[in-house]
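These notes concern the structure reproduced below.
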Amino acid sequence: MSMKADPDWWQSMFDEVYLLTDARSVCDEEITHREVDLVCELLPMSAGHKILDLCGGHGRHSLELCARGFTGCTLLDYSEFLIDHARRSAAECNYPMACIRADARSTGVSSDSFDHVLIMGNSLGYILEPKADREILAEAKRVLRSDGWLLVDVTDGTAVKDSFNPTAWHEIGTDTVVCRQRRLEGDTLYAREVVLSKEKGLIRDCTYGIRLYDAQTVNALLEDAGFRRIKIHTDFSPHRYEGDYGFMNHRMIAAGQKPQMP
Ligand SMILES: C[S@@+](CC[C@H](N)C(=O)[O-])C[C@H]1O[C@@H](n2cnc3c(N)ncnc32)[C@H](O)[C@@H]1O
């Protein structure tokens, strides 16, 4: 199997097939509840706070926060398909959730306007130029008010390396099978994902590369972006059972505060 990743893979892969292949993690309400429970435990959140769900996908965390009475949620993601999906879900529930399609490196959102920025569900490390994640965190800091909090939830690279699995597959219902072949190259994990449907044939054959973080490197990322009072929580797994859930089993949660401007 060839393993060459298109550097722009992240611009096209987050579509209806992603909602199938990653459904075990991103379409499971219990898992989202556990993740939002943790966010609410770690950050000083109030119902009226303005919260930016950056790289928020189809909005599962924002929707759950709205369901819990948080009225100031904004979802931002690059994927038009996922943003449209989220907009429909919010409208169905009558939630006052803003949805923006933009690149997280340059959101167009006003400075100093959010109390909290969340980057959930392993959404960093997709753009392989080393400066890209620094730009995303700089943007998160810009849109946060002084004393506002950033929370980043990424896969624990140390755990991924320790239990490295070069091949994995799982079935979705009786029709579809997802096969993944992986290769580690330093801190980058390349994966070729082939998705086959009995009815439709080959529905995906795509290779992606994701930069992995460990506790030290994620700490440095937040520190270099100017966040303070950084705390890293390792060993968070929202899944009830052990298994190969791609990057979603062993996660690290890093929280940091934007300092007061002089
Ligand atoms: C694995 S999904 C997680 C989505 C969501 N946070 C969740 O937990 O369900 C990663 C998301 O990050 C988004 N993303 C990645 N890089 C981005 C960028 N530079 N700007 C905006 N969105 C981005 C993708 O479109 C995708 O929806």
Review point. Of the residues 110, 123, which is in a loop (DSSP other than H, G, I, E, B), within 26 Å of residue 212 (Cβ to Cβ) and among the hydroxyl-bearing types (Ser, Thr, Tyr)?
Key: 123
**Study point:** Enumeration of residues in the range 3-38 that are modelled with pLDDT under 95, of a type in the set (Val, Ile, Thr) and within 24 Å of residue 52 (Cβ to Cβ)
**Key:** 26, 31
Review point. Has the range 87-102 got at least one residue that is out of contact with any Lys or Arg (no Cβ under 7 Å at 6 or more places or on another chain), within 12 Å of the ligand (Cβ to nearest atom), in a loop (DSSP other than H, G, I, E, B) and open to solvent by less than 30 Å² (accessible area, probe 1.4 Å)?
Key: yes
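For the range 183-215, what are the residues that are under 20 Å from the mean Cα position of the chain (by Cα), charged (D, E, K, R) and open to solvent by 20 Å² or more (accessible area, probe 1.4 Å)? First the steps, then the outcome.
Keep residues of the range 183-215 that are under 20 Å from the mean Cα position of the chain (by Cα), which gives 187-193, 206-215.
Now narrow it down to the ones that are charged (D, E, K, R): 187, 192-193, 211, 214.
Those that are under 20 Å from the mean Cα position of the chain (by Cα), charged (D, E, K, R) and open to solvent by 20 Å² or more (accessible area, probe 1.4 Å): 187, 192, 211, 214.
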Point to revise | Residue count for the range 109-126, restricted to those that are within 12 Å of the ligand (Cβ to nearest atom) and at positive phi | key: 3
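Given the criteria in contact (Cβ under 8 Å) with a residue 40 or more places away in the chain, within 13 Å of the ligand (Cβ to nearest atom) and open to solvent by 20 Å² or more (accessible area, probe 1.4 Å), does residue 19 qualify?
Numbers: in contact (Cβ under 8 Å) with a residue 40 or more places away in the chain: yes; within 13 Å of the ligand (Cβ to nearest atom): yes; open to solvent by 20 Å² or more (accessible area, probe 1.4 Å): yes.
Criteria met by residue 19.
Please work out which residue is surrounded by the fewest Cβ atoms within 10 Å (Cβ to Cβ), limiting yourself to the range 105-126 and to residues that are charged (D, E, K, R) and touching a strand residue (DSSP E or B) at 6+ places or on another chain (Cβ under 8 Å).
If we filter the range 105-126 for residues that are charged (D, E, K, R), which is where we start, we get 105, 112, 115.
So of that shortlist, the ones also touching a strand residue (DSSP E or B) at 6+ places or on another chain (Cβ under 8 Å) come out as 112, 115.
Details: 112: 12, 115: 19.
By that ranking, first place goes to 112.
What number of residues in the range 22-60 are of a type in the set (A, V, I, L, M, F, W, C), free of Cβ contacts under 8 Å to residues at least 60 places away in the same chain and within 11 Å of the ligand (Cβ to nearest atom)? Steps first, please.
First pass over the range 22-60, keeping only residues of a type in the set (A, V, I, L, M, F, W, C): 23, 26-27, 31, 36, 38-40, 42-43, 45, 47, 51-52, 54-55.
Then drop every residue that is not free of Cβ contacts under 8 Å to residues at least 60 places away in the same chain, which leaves 27, 36, 40, 47.
Now drop any that are not within 11 Å of the ligand (Cβ to nearest atom), which leaves 27, 36.
Final tally of qualifying residues: 2.
Does residue 69 satisfy being on the phi > 0 side of the Ramachandran plot and either open to solvent by 60 Å² or more (accessible area, probe 1.4 Å) or in contact with a helix residue (DSSP H, G or I) (Cβ under 6 Å, 6 or more places away or on another chain) (or both)? So that I can check it myself, show each step before the final result.
Numbers: on the phi > 0 side of the Ramachandran plot: yes; either open to solvent by 60 Å² or more (accessible area, probe 1.4 Å) or in contact with a helix residue (DSSP H, G or I) (Cβ under 6 Å, 6 or more places away or on another chain) (or both): no.
So residue 69 does not fit the description; no.
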Review point. Away from the ligand (no atom under 15 Å from the Cβ) and either more than 23 Å from residue 17 (Cβ to Cβ) or not in a helix (DSSP H, G or I) (or both), is that true of residue 165?
Key: yes
Check your understanding: Is it true that some residue in the range 174-188 is of a type in the set (Gly, Ala, Ser) and either in contact with a Leu (Cβ under 6 Å, 6 or more places away or on another chain) or on the phi < 0 side of the Ramachandran plot (or both)?
Key -> no
Review point. Of 132, 67, 86, 138, which residue is over 22 Å from residue 226 (Cα atoms), out of contact with any Cys (no Cβ under 6 Å at 6 or more places or on another chain) and among the hydrophobic types (A, V, I, L, M, F, W, C)?
Key: 67
Study note, to complete from the structure: Checked 135, 129 against criteria (assigned to a helix (DSSP H, G or I) and either within 9 Å of the ligand (Cβ to nearest atom) or open to solvent by 10 Å² or more (accessible area, probe 1.4 Å) (or both)); the one match is 135
Review point. What number goes with the only condition from (1) open to solvent by 70 Å² or more (accessible area, probe 1.4 Å); (2) touching a residue at least 40 places away in the same chain (Cβ under 8 Å) that residue 165 does not pass?
Key: (1)
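The values are calculated or read from the model by the stated rules, or taken from the named source; none is laboratory data. This one's a predicted model, so the numbers in the text were calculated from it and none came from an experiment. A quick note on method: Cβ atoms are made from the backbone with ideal geometry, for glycine too, and the neighbour counts reach across all protein chains shown. For accessibility, only protein heavy atoms count, side chains too; no ligands or nucleic acids. Shrake-Rupley method; radii C 1.70, N 1.55, O 1.52, S 1.80 Å.
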